Amino acid sequence: MNNILIEAKNLRKTYTDTVKKLEVLKGIDLEINREDLLVIQGPSGAGKSTLLHLLGGLDMPTKGSVFIDGIDIYGISDNNRANIRSQKIGFVFQFYNLLPEFTALENVFLPAFINRSLKFNKKYLRQEASDLLGMVKLSHRQFHRPYQLSGGELQRVAIARALMNDPEIIFCDEPTGNLDSKTGEEICELLLKLNKDNRKTIVIVTHEQKIASLAKRVIHIRDGQLFNNN
Ligand SMILES: Nc1ncnc2c1ncn2[C@@H]1O[C@H](COP(=O)(O)OP(=O)(O)OP(=O)(O)O)[C@@H](O)[C@H]1O
Ligand SMILES: [Mg+2]
């Protein structure tokens, strides 16, 4: 099996408004190995979220390609890309993106509805979602809706949701940005464990020193380009 799981080739993203062009990513080349723990850092507005969304199949590049397991994810249909996403990718968004009208448990449960490769067994999947909420220490908040939860609790629901389909890859966009230091530390431990013990490939935007020091690789994004730390 090829050891490269995610590959970006000459990835470019330009936003154009009526007045001017904003070149956010100016030709990113990146290879991420299976079971890697890769940290992405850079100043605010540098394009970290944009890059993560493109790597995770959530946006459209202006130019260039992203390969996941050798498949050019922007060269296939939206449907096929959505299938790859739901089977292989968990995403923890910078601003949670939980659905307000659903409970914490239902939010965690939702990716299983979308994943067509799963044989649907509601009772089993509810238990799975409940166990994941237990893992992020939120068993007591299963039936709360997002507006009834704190920032740290929302972040933990989002992490549990990202794990629902047991994806091979987890993208995390500043997953500890809204947490107090103790909860942040617990989330770091959880992500490190998922990488080490559960062999998940993790790509994470974070300034947490602990994760950066244990990461296999830290890359910096500046002026639309990547710089390796080591
Ligand atoms: N839809 C959009 N239209 C126009 N410009 C955008 C759009 N989305 C992002 N940008 C711009 O692209 C740049 C990169 O944004 P991005 O969210 O990727 O930055 P970031 O590195 O994640 O920043 P932060 O650390 O603050 O989260 C910013 O200057 C932002 O204003
Ligand atoms: Mg961002």
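Annotation: for a label point projected 7 angstrom from Cα along Cα→Cβ of residue 16, residues of the range 39-66 with backbone N closer than 16 Å are 60-64.
Using Cβ contacts closer than 10 Å as the measure, can you line up 108, 205 from fewest to most? Show your work: numbers first, answer last.
Working: 108 30, 205 23.
So the ranking, lowest neighbour count to highest, is 205, 108.
Spin-label model, residue 9/residue 140: points 7 Å from Cα along the beta carbon direction are separated by 5.3 nm.
Calculate how many DSSP beta bridges within the range 4-228 are antiparallel, expressed in % of all such bridges and rounded to the nearest 5.
Values: 21 of 38 bridges.
Here the share of antiparallel DSSP bridges comes out near 55 percent.
With +1 on each Lys and Arg Cβ and -1 on each Asp and Glu Cβ, and nothing else charged, work out how big the dipole of the range 1-155 is about its Cα centre, in Debye to the nearest 20. Write down the numbers at each step before the final one.
Numbers: 20 positive and 16 negative charges, 55 e Å.
So the magnitude is around 260 debye.
In terms of the mean number of neighbouring beta-carbon atoms within 10 Å, the peptides 23-33, 178-188 order highest first as 23-33, 178-188. Residue pairs exceeding 24 angstrom between C-alpha atoms, taken from 88/210; 63/216; 123/196; 26/48; 21/48: 88/210; 63/216; 123/196. By the gyration tensor of its Cα atoms, with a ≥ b ≥ c the square roots of the eigenvalues, what is the shape of the range 105-179: rounded for a/c under 1.5, prolate for a/b over b/c, or oblate? Cα axes put the range 105-179 in the oblate bin.
Which whole-number percentage describes the relative contact order of the range 28-117, with Cα contacts under 8 Å and a sequence gap of 6 or more? Intermediate results must be reported in sequence, preceding the final value.
On the way: 39 pairs, mean separation 16.6, N = 90.
About 18 percent, as a whole number.
Tell me, what is a quarter of the convex hull surface for the C-alpha atoms of the chain, in nm² with one decimal?
Values: hull surface 53.4 nm².
Mean projected area for the chain: 13.3 nm², to one decimal.
Computed over the range 4-228, relative contact order equals 29 percent, with contacts defined as Cα pairs under 8 Å that lie 6+ residues apart. Cβ-to-Cβ counts within 10 Å put 140, 53 in ascending order as 140, 53, the fewest first.
Since every read-out is calculated from the coordinates, none of them should be taken as a lab result. These numbers were taken from a predicted model, which means no experiment stands behind them. Don't worry about glycine lacking a Cβ; one is built from the backbone with ideal geometry, like all the others, and counts go over all protein chains shown.
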